[in-house]
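Chemist: Here it is, the structure, as structure tokens.
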Amino acid sequence: MPFEVAGPVPTQDPVIDGLGDTIKQILEILISPELQAKLLPFKIIFIFISIGFLAIFIYFLFNTSYAQWKWWHNIINFLFPRASGSSRLKKRWDKLKKRVDKAHSEAEWKLGLLDASQIVIKFMPKDTVDQITKDDISNLSEFLGAYQTLKAIKDDVGYKLDKKEAKNILDIFEKALIDMEVLS
């Protein structure tokens, strides 16, 4: 005698038996063409609202720094090491050079050089300046001289600095950053 399925197996509880019929009736109402025709305008409206929210999300994702901060910076940094921050650093360095060029007082030149030294120290390949070799920076003797001048500026408030010397030190630091492959 083959096994045959005759439909749902009735139970002793009439509530459970009637539940299957009730669910069928609800589904038939929900998929009925009349109800679907009435819901069509609402579906279209909600589709447009969803597309609008998606467009707003994409707009803010690309026009704020959140995406760069969260994951884009990591992807670029992985694919191109040291390349992701270089454009930001280049802008900062150019701004610093313009600030020193436009400055008219010795105090402004000194502040510009101190800012530049912080950038250089941040990206130095060794822990201290004494450990840097000619392999790291091609203009090592000029760099060490500029660094000694910078130490003198930090130590002696009355140190005299002219604009030409400040620009020369900035150029030396820029060459060092290029040698360290931080600036391009």
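Bear in mind these aren't lab numbers, they're just calculated from the coordinates by the rules spelled out. What you see is a predicted model, and the numbers here were worked out from it, not measured in a lab. Reconstructed Cβ throughout: ideal geometry from the backbone, glycine too, with neighbour counts over all protein chains shown.
Chemist: Cut-off is 10 Å between beta-carbons; in what order do LYS98, LYS167 appear when sorted fewest neighbours first?
Modeler: Values: LYS98 11, LYS167 16.
Least to most surrounded, the residues fall as LYS98, LYS167.
Chemist: Suppose R0 equals 35 Å. What FRET efficiency, 1/(1 + (r/R0)^6) with r the Cβ-Cβ distance, do LEU140 and LEU114 give to the nearest 0.05?
Modeler: 0.95
Chemist: By average Cβ neighbour count within 10 Å, what is the ranking of 103-110, 137-144, 46-53 from highest down?
Modeler: In decreasing order of mean packing, 103-110, 137-144, 46-53 become 137-144, 103-110, 46-53.
Chemist: Same structure again: Would you mind putting 146-153, 171-178 in packing order, based on average other-beta-carbon counts within 10 Å, highest first?
Modeler: Averaged packing, sorted descending, gives the order 171-178, 146-153.
Chemist: At LEU39 and ARG99, where each label point lies 7 Å from the Cα along Cα→Cβ, what is the point-to-point distance in nanometres?
Modeler: 6.1
Chemist: Give me the one-decimal Kirkwood hydrodynamic radius in Å for the stretch 14-63, with the sum taken over alpha-carbon pairs.
Modeler: 13.9
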